[in-house]
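S.K.: This is the structure I have questions about; it appears just below.
The values are calculated or read from the model by the stated rules, or taken from the named source; none is laboratory data. Just so it is clear, the structure is predicted and the values come from calculations on it, not from any experiment. Backbone-built Cβ (ideal geometry, glycine too); neighbour counts: all protein chains shown.
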Amino acid sequence: MHIRLSTLAENSASWLGLLAEWGLSILVEADEISVLVDTGLSSVAAHNARIMGANIEKINTILFSHGHADHTGGLIDLLKLRAMPDMPVEVIAHPDVWAPKYWHMSNGGRYQYIGIPFVRELAESLGTSFHLTAEPVWISDRIVTSGEVPMLNDFEEIDANACIKIGDSYGADPLKDDQSLFIKSDKGLIIVAGCAHRGIVNTISRAQDLTGCDDV
């Protein structure tokens, strides 16, 4: 099984001409399938994709690891680069991905919006089809999304600063939309995580349960 992971956006850049930002986007190519895990914060992923010669047109699926701006905000620029509005690419995400997400700032108690920075209708008009589900999605025989990750242990907790707006007030965000991508390779299980807000150990346990693979 040939597997290639290309980082399109992160907070460092080592090649001349590449840009960096606070955000994440990873292109996974395996089993003749291309899956984009997250889209970064802004136009950086699209810019770097051009520099790196990444074949955006061949992406079969996009996975939003969760609904924070630094993992979703670059979608619009990537769709414009793809320029295929009549052939929508599927975006897999949890139904809670569109929740009004905020971060409770420690200095002064201010709440800052950190949710998806565009409306769903805009993305759909540029060539997306959203598949919102809390269940795992098998993209191929060896590639599966985590779906909602169960909180199984007592030592991993959701960051208390993560909030959602409910009416005129704010409540804790359980981040049920936190997802990862699992790949069953010849050498063991590969896990491509975003922030693993629901815990990397919980995420690994989910991967092992779903795939039947113990080696990570």
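S.K.: Taking only pairs six or more apart or across chains, which ones have beta-carbon atoms under 8 Å, a first residue in the range 1-18 that is within 12 Å of ALA49 (Cα to Cα), and a second residue that is part of a strand (DSSP E or B) and of a type in the set (S, T, N, Q)?
M.R.: THR7/SER25; LEU8/SER25; ALA9/SER25
S.K.: Applying the selection to the range 159-193, what residues are closer than 24 Å to PRO136 by Cβ, assigned to a loop (DSSP other than H, G, I, E, B) and in contact with a strand residue (DSSP E or B) (Cβ under 7 Å, 6 or more places away or on another chain)?
M.R.: ASP173, LEU175, ASP177, GLN179
S.K.: Here's something else I'd like to know. May I ask you to say which residue of ILE59, ILE33, ILE92 is in contact with a His (Cβ under 7 Å, 6 or more places away or on another chain) and within 20 Å of THR128 (Cβ to Cβ)? Quick ask: steps written out before the conclusion?
M.R.: Working: ILE59 fails: in contact with a His (Cβ under 7 Å, 6 or more places away or on another chain); ILE33 fails: in contact with a His (Cβ under 7 Å, 6 or more places away or on another chain).
After ruling out the rest, the residue left standing is ILE92.
S.K.: Further, regarding this structure: When the range 198-216 is examined, which residues are found to be part of a helix (DSSP H, G or I) and among the acidic types (Asp, Glu)? Let's see the steps before the verdict.
M.R.: Applying the first criterion (part of a helix (DSSP H, G or I)) to the range 198-216 yields 200-211.
If the condition is that a residue be part of a helix (DSSP H, G or I) and among the acidic types (Asp, Glu), then ASP209 is the only one that fits.
S.K.: Report every pair of residues separated by at least 6 positions or lying on different chains whose Cβ atoms are under 6 Å apart, first residue within the range 104-132 and on the phi > 0 side of the Ramachandran plot, second assigned to a loop (DSSP other than H, G, I, E, B) and surrounded by 12 or more Cβ atoms within 10 Å (Cβ to Cβ).
M.R.: Once the first residue is on the phi > 0 side of the Ramachandran plot and sits in the range 104-132, its partners that are assigned to a loop (DSSP other than H, G, I, E, B) and surrounded by 12 or more Cβ atoms within 10 Å (Cβ to Cβ) give GLY127/MET84; GLY127/PRO85; GLY127/PRO88.
S.K.: Could you give me the residue pairs with C-beta distances under 6 Å whose first residue belongs to the range 189-216 and is among the acidic types (Asp, Glu), whose second residue is modelled with pLDDT under 95 and in a helix (DSSP H, G or I) wherever it lies, and which are 6+ apart or on separate chains?
M.R.: Here the result reads none, with nothing in the range 189-216 linked to a residue that is modelled with pLDDT under 95 and in a helix (DSSP H, G or I).
S.K.: Please state which of the following conditions GLY115 fails to meet, knowing it meets all the rest: (1) at pLDDT below 95; (2) under 14 Å from the mean Cα position of the chain (by Cα).
M.R.: For GLY115, the failing item is (1).
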